[in-house]
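Okay, structure first, notes after.
The values are calculated or read from the model by the stated rules, or taken from the named source; none is laboratory data. Just so it is clear, the model here is predicted, and its values are computed rather than measured. Neighbour counts are summed over all protein chains in view; Cβ atoms, including those assigned to glycine, are modelled from backbone coordinates with ideal geometry. Remember, those area values only see protein heavy atoms, side chains included, never the ligands or the DNA or RNA. Shrake-Rupley method; radii C 1.70, N 1.55, O 1.52, S 1.80 Å.
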Amino acid sequence: MKILVTGGTGYIGSHTVVELINAKHEVVIVDNLVNSSKDVLDQLKEITDRHIDFYEIDCTDEKLLEPIFKNHQFDGVIHFAGLKAVGESVVMPLNYYHNNVLSTIVVSNLALKYQVKKFVFSSSATVYGDQEVPFVETMNLLPTTNPYGETKAMSERILRDVAHANKDFKVSLLRYFNPVGAHESGLIGEAPNGIPNNLMPYVSRVAKKKLEFLSIFGNDYDTPDGTGIRDYIHVVDLAKGHVLAIEKLKDSIEVYNLGTGQGVSVLELVHAYEKVNEVKVPYKIVERRPGDIASSYANPNKAFKDLGWKAEKTIFDMCKDAWKFEKHYQEK
Ligand code: NAD
Ligand code: UD1
């Protein structure tokens, strides 16, 4: 298939491009580079030994994006382009609603206009809010506590309506749990600007002695060791889930959890990181972070049943690959 990957120079997008090419698909990337760099294209070339068509375009700009659809006959779109910093979304809600919701409208509108029949969307486990774990796709979505989460819930709603109104337009909504790790080459990975907000990149910076210690946000949650539990998933497993989702897309609208189904606490992750990489990660217990929930993990059975997809990599693989990327390629 010929597939348009929006946000394809970003963290999950770039890993998915590699897996699409490994599976013999043709890829075109559109990204406005707001949170990624053109250097990723060189790394992708090194990993895949392919030239990949790239357009620096904002996906909210229909006029600029339309010629790409006109000039390429896409079989499918994977729409990763979006802003993802939860805290920033609280401070700049309009940016988030504008960028994330409008890009979904523009890209799906062009897909319809140019008869692209398959559409895969990056959603998030955040749409489940705080309810009983494990989260399963049939659960009602709860209002999230931040504009970022709302943009994901709104985009899901929009795409559901579009799929219902257009019988040949098939949509897969993928709800990611906590993507971490990096490609085994160490050439691509998660490279947040400034001080990271998320756990794994923060742990990597502490291990590298770029930051003094990790602040663990609370050890009084109702969990076995009191620290928050999440379903960390290796980004390469996640990327492979996208390949299967687009290849096997049959129904008008499908929703899949992409997670391992295993909850891991903050302390367990820190200890796994120290053990597998033989490094020290000093930490302090501090106040809970506002908006955090105690536990989030997936019931991933539906993706296995329908797509034959299952996460293969362990928390040790995730920590090892995150450290490899940090050591070699993160000089900031
Ligand atoms: P990322 O920031 O690394 O990648 C997103 C890419 O989209 C970036 O390269 C950015 O430059 C680009 N982009 C943003 N707005 C754009 C626009 N209007 N036009 C064109 N390009 C644009 O983030 P990621 O972690 O790879 O996430 C990819 C998608 O998955 C996002 O939609 C994100 O919300 C979603 N998601 C991510 C996570 C996570 O933890 N990483 C979890 C759940 C869902
Ligand atoms: C964050 C986002 C969420 C998004 C998800 C996946 C927030 C509030 N939520 O979720 O919307 O879908 O990423 O990308 O940002 N922790 C620490 N110290 C740190 C950082 C994190 O103890 O310095 C803890 C957190 O309290 C949590 C766990 O580590 O228990 C994971 O945190 P994080 O990596 O930020 O992901 P989420 O909060 O799950």
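Of all residues in the stretch 31-77, those satisfying the criterion of being among the acidic types (Asp, Glu) and either open to solvent by 60 Å² or more (accessible area, probe 1.4 Å) or more than 27 Å from Leu173 (Cβ to Cβ) (or both) are Asp39, Asp42, Glu46, Asp49, Glu56, Glu62, Asp75. Of the helices (runs of 4 or more DSSP H) lying entirely inside the stretch 55-125, those containing at least 2 residues that are of a type in the set (Gly, Ala, Ser) span 86-91, 102-113. The single condition among (1) in contact with a Phe, Trp or Tyr (Cβ under 9 Å, 6 or more places away or on another chain); (2) assigned to a helix (DSSP H, G or I); (3) over 25 Å from Tyr96 (Cα atoms) that Thr16 does not satisfy is (3).
Has the stretch 257-280 got at least one residue that is at pLDDT below 95, charged (D, E, K, R), open to solvent by 40 Å² or more (accessible area, probe 1.4 Å) and closer than 29 Å to Asn219 by Cα? Let's see the steps before the verdict.
As a first pass, look at the stretch 257-280 and keep what is at pLDDT below 95: none.
No, that holds for no residue.
Selection of the stretch 148-172 for residues being crowded, with 23+ Cβ neighbours inside 10 Å and not aromatic (Phe, Trp, Tyr) yields Gly149, Thr151, Lys152, Ser155, Leu159, Val171, Ser172.
So, in the stretch 220-242, exactly how many residues are open to solvent by less than 10 Å² (accessible area, probe 1.4 Å) and over 28 Å from Pro290 (Cβ atoms)? Counting residues in the stretch 220-242 that are open to solvent by less than 10 Å² (accessible area, probe 1.4 Å) and over 28 Å from Pro290 (Cβ atoms) gives 5. Against the test of being under 30 Å from Asn146 (Cα atoms), more than 16 Å from ligand 2 (Cβ to nearest atom) and touching a residue at least 40 places away in the same chain (Cβ under 8 Å), the options Val90, Val34 yield a single qualifying residue, Val34.
Candidates in the stretch 118-141 are the residues that are within 15 Å of ligand 1 (Cβ to nearest atom) and among the β-branched types (Val, Ile, Thr); of these, the one that is most open to solvent (accessible area, probe 1.4 Å) is Thr126.
In the set (1) over 26 Å from Thr314 (Cα atoms); (2) within 16 Å of ligand 2 (Cβ to nearest atom), the condition left unmet by Leu112 is number (2). Just the residues that are open to solvent by 10 Å² or more (accessible area, probe 1.4 Å) and more than 16 Å from ligand 2 (Cβ to nearest atom), please, taken from the stretch 173-187. Across the stretch 173-187, the qualifying residues are His183, Glu184, Ser185, Leu187. Among the residues of the stretch 20-51, the ones that are more than 23 Å from Thr104 (Cα to Cα) and assigned to a helix (DSSP H, G or I) come to 12 in all. Does Asn301 fit the bill of being polar (S, T, N, Q), more than 10 Å from ligand 2 (Cβ to nearest atom), out of contact with any Phe, Trp or Tyr (no Cβ under 6 Å at 6 or more places or on another chain) and modelled with pLDDT of 95 or more? Judged against the criteria, Asn301 is a match. When residues in the stretch 47-79 are screened for being over 19 Å from Leu33 (Cα atoms) and of a type in the set (A, V, I, L, M), 1 of them pass. The residues in the stretch 119-158 that are within 14 Å of ligand 2 (Cβ to nearest atom), of a type outside the set (A, V, I, L, M), in contact with a strand residue (DSSP E or B) (Cβ under 8 Å, 6 or more places away or on another chain) and farther than 30 Å from Phe74 by Cα can be counted, and the count is 2.
Each row is one residue, and each column tells you yes or no for (1) closer than 29 Å to Ala245 by Cβ; (2) modelled with pLDDT of 95 or more; (3) open to solvent by 20 Å² or more (accessible area, probe 1.4 Å).
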residue: Pro282; (1), (2), (3): no, yes, yes
residue: Val286; (1), (2), (3): no, yes, yes
residue: Gly291; (1), (2), (3): yes, no, yes
residue: Ser296; (1), (2), (3): yes, yes, no
residue: Leu307; (1), (2), (3): yes, yes, no
residue: Lys313; (1), (2), (3): yes, yes, yes
residue: Met318; (1), (2), (3): yes, yes, no
residue: Lys332; (1), (2), (3): no, no, yes
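Within the stretch 188-211, how many residues are small (Gly, Ala, Ser) and buried (at least 22 other Cβ atoms within 10 Å of the Cβ)? Selection size over the stretch 188-211: 3. Among residues of the stretch 5-24 that are closer than 16 Å to Phe325 by Cβ and free of Cβ contacts under 8 Å to residues at least 60 places away in the same chain, those with a beta-carbon under 6 Å from a residue that is open to solvent by 10 Å² or more (accessible area, probe 1.4 Å) and within 11 Å of ligand 1 (Cβ to nearest atom) at least six positions away or on a different chain give the pairs Thr9/Asp31; Thr9/Ser36; Thr9/Val40.
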